[in-house]
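Notes follow the structure.
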Amino acid sequence: MRPDGRPDDGGAAGRGAARRAVFAPVDTRARVDTVVRRIGDAIELGLLADGEQLPGETELAGQLGVSTVTLREALMALRQQGLVTTRRGRGGGSFVTLPDDPPQERLRARLADWSTEELRDLGDHWAAVSGAAALLAARRTQPGDLRPLARTAEELATAEDPASRSRLYGRFHVELAAAAQSARLTREEIALQTDLGALLCLVLDDPGHLANVSDRHRAVISAVQDEADERARALAETCVRESVGRLITLRLAAPGRAPEPRSEEDTHGQEHRARGPRGGRR
């Protein structure tokens, strides 16, 4: 048993906590879209299994903190996406339908729902949370606490499909927060996975980026072991910023959308040039 009360099998604990986050109350903005996104991403990441029956409408609406009308609209949208099937009569209900392949088109449509400013803001928040978790883990963790982190890092390096890679990427950061012995940071990491976790499938499909992420995760573990708190913080922040930066690049390259205004610095704080000619620039 670990100091924060989690068992040594960090993977199982991380998955259990993530499943609980799936059915946590949603916020008050765009509730139908939020429910669709929450349940849809949980299905794509394997937190909800193929064929699994969802709670009844009244119970599920109560868990999510929405009305049954809102829930029914969300379930209708999920049925249209092929992620849920509904059976009538005795033994009926709503059941998960797991896609055979990562639904790239749906994920790209999901990404298009975010503006680049929103992605940057969420990326900044995630980097701050993961950086703080790494720093505190370097100060507080015991040697045995890093076993789940090391196991997850190696599983990520050898994972063969983007959905598995995304789950493992998120699990690493949740376990890093747990190693920091901070319940609040752990909850924040879990919440961030419900926002961005499935989208990482789009960037972890690149073997080069996967190798880079794996190297950074190993470097974070090494820094935590060495009690090098600032180095651990910087590495964790960089890992998150690079991944979110790739999502922003994909968002900007999305076809058939109007150009968005953006600041003179990208997520990494580096000067960039907007596509096409601009007045006043040489």
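The values are calculated or read from the model by the stated rules, or taken from the named source; none is laboratory data. These numbers were taken from a predicted model, which means no experiment stands behind them. Cβ coordinates were reconstructed from backbone atoms using ideal geometry, including for glycine residues, and neighbour counts include every protein chain displayed. The protein model used for the area step is the full one, side chains on, heavy atoms only, and it has no ligands, DNA or RNA in it. Shrake-Rupley method; radii C 1.70, N 1.55, O 1.52, S 1.80 Å.
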Which condition number in (1) at pLDDT below 90; (2) under 18 Å from LEU111 (Cβ atoms); (3) open to solvent by less than 40 Å² (accessible area, probe 1.4 Å) is the one that LEU247 fails?
(1)
Criterion first (more than 15 Å from ASP195 (Cα to Cα) and open to solvent by less than 40 Å² (accessible area, probe 1.4 Å)) does ALA137 satisfy it?
yes
Considering every residue within region 109-118, establish whether at least one is in contact with a Lys or Arg (Cβ under 8 Å, 6 or more places away or on another chain), basic (Lys, Arg) and in a helix (DSSP H, G or I).
yes
Checked VAL224, VAL213 against criteria (among the β-branched types (Val, Ile, Thr) and farther than 25 Å from LEU111 by Cα); the one match is VAL224
Which numbered condition trips up ARG120, out of (1) within 19 Å of the chain's Cα centre (by Cα); (2) within 25 Å of VAL35 (Cα to Cα); (3) surrounded by fewer than 18 Cβ atoms within 10 Å (Cβ to Cβ)?
(3)
Listed by first then second residue, the pairs whose first member lies in region 218-244 and is farther than 20 Å from ALA157 by Cβ and touching a residue at least 60 places away in the same chain (Cβ under 8 Å), whose partner is in a loop (DSSP other than H, G, I, E, B) and among the hydroxyl-bearing types (Ser, Thr, Tyr), with beta carbons under 7 Å and at least 6 positions apart or on separate chains, are ARG241/THR267; VAL244/THR267
